Amino acid sequence: MIRKARQDDVRFIHKLLAHYGGQGDLLARSLTDLYEFLRDFVIAEDDEGQAVGACALHLCWEDLCEIRSLAVLPERGGEGWGTKLVEACCSEAVTLGFNKIFALTYRPSFFARFDFKQVDKQLLPNKIWADCINCVKFPDCDEIAMLLEL
């Protein structure tokens, strides 16, 4: 099941992102950021009601939004949770009337399965780079920009 994140999910999301952030796979988020942007997040829950993954849809600019902070518990990888989380975020983007969804990723082949295409990061508005300033890799970002135009 995919559901909107709640206040009691913040510690789970924080721990999950810290794990992958420590490996350099994504940008870890502070608790302050997670509470501030909690409405952006969805949670994947298994049949026992245990949270197994999280993902956020961040609204950036006019018709552009970003899928970010996509993570699934390492022991639950390969079960399709990442796919379900991305599909839920894409569905929400459509519902909200957004025409373009992008992701910055180290796994472009995963996003290509949803028809995202690789693009030059310079095509994305400067507004999205506000988060990049907080990244340990700034200004030498090596993530790949992927864009889905609906």
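FYI, it's all coordinate maths here, none of it is from the lab. In this text, all values refer to a predicted model and were calculated from it rather than measured experimentally. Positions of Cβ are backbone-derived with ideal geometry, glycine not excepted, and every protein chain shown enters the neighbour counts.
Descriptive notes on the structure:
- Restricting attention to the chain, close to 90% of DSSP beta bridges with both partner residues there are antiparallel.
- Derived scalar couplings between HN and Hα for the range 45-56 equal 10, 7, 5, 8, x, 8, 5, 10, x, 8, 7, 10 Hz in order, rounded to whole Hz, by the Karplus curve 6.51 cos²θ - 1.76 cosθ + 1.60 (θ = phi - 60°), x for Gly and Pro.
- Only Lys, Arg, Asp and Glu carry charge here, each on its Cβ (+1 for the first two, -1 for the last two); on that basis the range 2-149 has a dipole of about 140 debye about its Cα centre.
- Efficiency of FRET from Cβ geometry, ARG11 and ARG113, R₀ 22 Å, rounded to 0.05: 0.10
- For the range 18-63, the Cβ-based charge dipole about the Cα centre amounts to some 240 debye (Lys, Arg positive; Asp, Glu negative; other atoms uncharged).
- Over the residues of the chain, the helix contribution to mean residue ellipticity at 222 nm works out to -8000 deg cm²/dmol, using -39500 (n - 2.57) for each DSSP H run of at least 4.
- Ellipsoid semi-axes in whole angstrom, largest first, where each is sqrt(5λ) of the Cα gyration tensor of the chain: 22, 18, 15
- Within the shell of other residues whose beta carbon sits under 12 angstrom from the beta carbon of ILE101, the net charge comes to -3, with Lys and Arg scored +1 and Asp and Glu -1.
- Total lysine pairs whose alpha carbons fall under 28 Å of each other in the chain (8 or more apart, or interchain): 20
- The residue among ILE2, GLY82, ALA18 whose Cα reaches farthest toward the positive pole of the charge dipole of the range 2-149, with charges on the beta-carbon of Lys, Arg, Asp and Glu, is ALA18.
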